[in-house]
1. If you go through region 146-156 one residue at a time, do you hit one that is within 16 Å of residue 208 (Cα to Cα) and modelled with pLDDT of 80 or more?
2. Collect the residues in region 175-197 that are out of contact with any helix residue (DSSP H, G or I) (no Cβ under 9 Å at 6 or more places or on another chain) and not in a helix (DSSP H, G or I), keeping them in residue-number order.
3. Please find, among 269, 277, the residue that is in contact with a Gly (Cβ under 8 Å, 6 or more places away or on another chain), surrounded by 13 or more Cβ atoms within 10 Å (Cβ to Cβ) and under 29 Å from residue 308 (Cα atoms).
4. When region 645-681 is examined, which residues are found to be of a type in the set (Gly, Ala, Ser) and either under 22 Å from residue 563 (Cα atoms) or under 31 Å from the mean Cα position of the chain (by Cα) (or both)?
5. Of everything in region 564-577, what is within 24 Å of the chain's Cα centre (by Cα) and surrounded by fewer than 22 Cβ atoms within 10 Å (Cβ to Cβ)? Give them in sequence order.
6. Which ones in region 700-737 are part of a loop (DSSP other than H, G, I, E, B), open to solvent by 60 Å² or more (accessible area, probe 1.4 Å), farther than 17 Å from residue 477 by Cβ and in contact with a helix residue (DSSP H, G or I) (Cβ under 9 Å, 6 or more places away or on another chain)?
7. From 692, 703, 651, which residue is closer than 17 Å to residue 461 by Cβ and not basic (Lys, Arg)?
8. Look through 184, 210 and report the one residue that is under 15 Å from residue 70 (Cα atoms), touching a Phe, Trp or Tyr at 6+ places or on another chain (Cβ under 8 Å), among the small types (Gly, Ala, Ser) and in contact (Cβ under 8 Å) with a residue 12 or more places away in the chain.
Amino acid sequence: MRVLRWIGCAICLAMAIAGIGVATLFLALYLLSSELPDHNSLRKYSPDVASRVFLQDGSKLCEYANEKRYFIPVDCIPQKLINAFVSAEDKHFFEHSGLDFLGILRSIIKNLENIGTGKRPQGASTITQQVARLFLIKNNEISYLRKIKEAILSFRIESVLSKPQILELYLNQIYLGMGSYGVAAAAKIYFDKTVDELTLSECSYLASLAKGANNYHPWRHRKAAIARRNWAIQRQREDGFITPEEADQALEEEFKIVQQAPSEETAEYFSEEVRKYLIEKFSFESLNKEGLIVRGTLDARLQECAYEVLRSGLEKVDRDFGWHGAIGSINVDKSSQEIIEELRKIAPPSGAEKFLRAAVISIKNKNATILTESEELGKISEADLRWAQKIKTGDVVLVARLKDGSGDFSLKQIPLPQGAIIVMETNTGRILAMQGGYSFKQSEFNRVTQAMRQIGSTFKPFVYLAGLENGFASNTIIDASPVEVDLGGKLGVWKPRNYHGRVLDKITFRRAIERSVNTATIRIAQEVGLDKIARIAEKFGIFDDMPELISYALGAGETTLLRLTTAYAILANGGKRISPTMVDYIQDKRGNTIFRADERPFDGSVGFGDELPPRLNDNRQQILSEQSVYQLTSLLEGVMRRGSGASASFLSFPVAGKTGTSNESRDVWFIGYTPDMAVGVFVGFDDHSKSLGKEANGANTALPIFINFMVKAQKYLSPKPFKVPRGIKLRKIDADTGGAPSSSKNNRIIMEAFKEDEDLEPRDIIREKRSISNLLEEENSEPQSRIKPIQGIY
């Protein structure tokens, strides 16, 4: 009896201890579970998604993201990809309620066997547990406390989400290596495919990356990657997801990963401007997380043309400054392989991504033999050798293969002068191409949007436009004789000179702008009034608040290439206000349009049958007389035929434009346009104190870049004449005298544009040579003194 009593007591004590243990366990679980994150938040899953910019042809330009992820609904993920992940990660996924108890038992046994071996403990996590860790716990620490938290959350997740919903969370969130998050991004990065294009072998490889993607890197650990893929294929065969024949075929498939070579970015300046615009319009967080879909205005074909012509143009300008020297030197008394290894150790300068490094092996009989980093033997062209007279054996230089088929190489160097080019659609302001410098990697400073530079004679058209708006006609006779400007105080007298010091007497309004005559421009400004010129410049967006200073009439003011090109685009469209834009529309990640640049309404209904097609209502503001704007375009067409732009006269389509050169040739410009497209070019040093050379001007430095662009781009253009507006009559005149054609065989007959109320006989407003100090009396002498007068602008 005593024994039974003791046994009874022991049992009671054990039950009490067990009860206390169970109560303690439940209390601990309660306290632990009360601290866990709210699993209901998963119902509103909104992953961080990359924002992407697409071009007109549908190609992707760039993307902005903290994590590279493309969200894809589970019903758009192919079943074979789902099966691959389920087989590799959790073969009982569709059967359990969050935990795989058989898997847990196997992992416990395995961990006991591995005690003392130093091996990492196995976890046997289900897909649901991984979802709990990815979204709610966000902790990769291996501990039993974390596993308990995962288990509790897994049961809760399974109670509120369906299996497909859990898979959608998992397959869009998981990290799969090489910067990819989710299966859609991984398919694109590894195979350059969408998920529905993946083969069984490719699906298996992606599934094998779920645990330790970096251990199965396709290049660094290729053998391990293939073995892991094969393991994933075998698992699917064992689990009955695929047949033995399908498995054998997948195992035999070549393990081929798309080599993500560094892209040859030609639109980095545009991409950066779009990024800044989107951050300003939305926010940094929205840009990098909200998955915005952006349709950019860039035309990839025109951008490629702009990129090439600006780089080649700047290289040509730079050659006039001589060879800068070698980028390094090595001992070439070695084997070819040793020389190449030494070559590759020398860092190329920023901006040299298109060039090869090469070592000069020998120089004999005016021939230089080189060995390139791509293991090619070749020669430097004789012309380059004469140019780089100081080159010597052992020099490391930059080269590019000549395109003449000779097999020779040309010497290259990173240009010291900088420049920019922009291409704009004239009717909308859409930016079709933008290159803000020689190389974005060399300098992120965008000379299209950021560089404030003196614009020279490219401003003169707006002086002449003011004249056309205030009584001048294209054939009006202008006094072009020397003129003096009393600057007031102790500043003395300014005597503006014409280019190369040309002294003229009288000249027609047309010939004055075609020849860019400074003295005639000053007198037009005097007659019209600087206040009227300033208002026109402000209407066209060249300046926000133009000082009424006489030097501004010759282009002393500073502005950006973007503003100036936009002003010329307005000339091209007949005087209708436009604003430059880089984005056509923006959609959120669900495809809803949240911004559209073109807000023009439709006239009429959209439908079928007998209804008329809808017509866009042109709500652009007409900022100046269409007739005066057309007259100016006609004058600028003359610049391209007979003036400073005459070297472009061979182009087979109508084009208008104007060159510009600032003081001491520090900045040179050309802005040209067709009816549909405006192109602006700027060249100059970033150090504004440096000159491009005494002979450098817009005609011989910036204009050739424009010409090369138009030659390359003309196959993408649809040439058409400038539209003649109502109220304009075209008459034949003598281009030199402005009067009716004479019987002389020497006169040059042109078609001139007159307003209907204008007299066809040239109006002579020749004035005596005089001071225009009275004009300056109205000006503030302090601002005037800060602006150095321009001499000899062309």
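1. No; the residues of region 146-156 include none that is within 16 Å of residue 208 (Cα to Cα) and modelled with pLDDT of 80 or more.
2. 192
3. Numbers: 277 fails: in contact with a Gly (Cβ under 8 Å, 6 or more places away or on another chain).
None of the other options fit; the residue is 269.
4. Keep residues of region 645-681 that are of a type in the set (Gly, Ala, Ser), which gives 645-649, 652, 656-657, 660, 662, 665, 672, 678, 680.
Selection gives 645, 647, 648, 652, 656, 657, 660, 662, 665, 672, 678, 680.
5. Listed by number, the list is empty, since nothing qualifies.
6. Once the filter is applied, which keeps residues that are part of a loop (DSSP other than H, G, I, E, B), open to solvent by 60 Å² or more (accessible area, probe 1.4 Å), farther than 17 Å from residue 477 by Cβ and in contact with a helix residue (DSSP H, G or I) (Cβ under 9 Å, 6 or more places away or on another chain), region 700-737 yields 723, 724, 726.
7. The unique qualifying residue is 703.
8. Details: 210 fails: under 15 Å from residue 70 (Cα atoms).
Sole residue among the options that is under 15 Å from residue 70 (Cα atoms), touching a Phe, Trp or Tyr at 6+ places or on another chain (Cβ under 8 Å), among the small types (Gly, Ala, Ser) and in contact (Cβ under 8 Å) with a residue 12 or more places away in the chain: 184.
The values are calculated or read from the model by the stated rules, or taken from the named source; none is laboratory data. Small disclaimer: the values here were computed from a predicted structure and weren't measured. All Cβ positions, glycine included, derive from the backbone under ideal geometry; neighbour counts span all protein chains shown. For accessibility, only protein heavy atoms count, side chains too; no ligands or nucleic acids. Shrake-Rupley method; radii C 1.70, N 1.55, O 1.52, S 1.80 Å.
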